[in-house]
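Heads up: the structure comes next, in structure tokens.
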Amino acid sequence: MRRFVVSVRLRRGAGKKVREILREGPPFELEDTSLERHFVFLCGDELVFLFEGDRADEEAQRLLKDPRVLGYVSGRPRVPEEVFGWERPEPLEGLSFGPLPGPGDSDG
């Protein structure tokens, strides 16, 4: 799965309206995209979008061209560079690397 982040500045005074819109969800149908996850963060006059999915970058570019989104954006979108990432690994059921025997191990 790919992760793609985009940061955009909002037009002056658009923050309140954007917050209202996003509380109801994005102005497009997420089910119609290939995205697996999508988050939006608002900080003052800046929006940060996180797109996750196999074609996250393509979806981001397509969605950010939507006039319903562009009407609130000022300037060009910026793509931050990922410089660090960490994810907790999913535990593997029935597998242990601990010093004690686990389920199904025999005493010899």
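Residue under question is Leu35, and the condition is that it be assigned to a strand (DSSP E or B), aliphatic (A, V, I, L, M) and either at pLDDT 90 or above or in contact with a strand residue (DSSP E or B) (Cβ under 7 Å, 6 or more places away or on another chain) (or both); does it hold? Judged against the criteria, Leu35 is not a match. Scanning the stretch 8-27 for residues that are assigned to a loop (DSSP other than H, G, I, E, B) and either free of Cβ contacts under 8 Å to residues at least 40 places away in the same chain or out of contact with any Ser or Thr (no Cβ under 9 Å at 6 or more places or on another chain) (or both) returns Gly13, Glu24, Gly25, Pro26, Pro27. Only a single item in (1) touching a residue at least 40 places away in the same chain (Cβ under 8 Å); (2) outside any helix (DSSP H, G or I) is not met by Arg68, and it is number (2). Across the stretch 39-56, a minimum of one residue is classified as surrounded by 15 or more Cβ atoms within 10 Å (Cβ to Cβ), on the phi > 0 side of the Ramachandran plot and not aromatic (Phe, Trp, Tyr).
Specify which of the listed residues (Gly25, Gly44, Gly53) is more than 12 Å from Val6 (Cβ to Cβ) and over 16 Å from the mean Cα position of the chain (by Cα).
Just a single option satisfies the conditions, and that option is Gly44.
Annotation note: of Glu87, Glu58, Glu93, Glu52, the sole residue that is at pLDDT 90 or above and either outside any strand (DSSP E or B) or in contact with a Pro (Cβ under 7 Å, 6 or more places away or on another chain) (or both) is Glu58.
The values are calculated or read from the model by the stated rules, or taken from the named source; none is laboratory data. Predicted model, so just to flag it, every value in this text is computed and none were measured. Cβ sites come from the backbone with ideal geometry, for glycine too, and all protein chains shown count toward neighbours.
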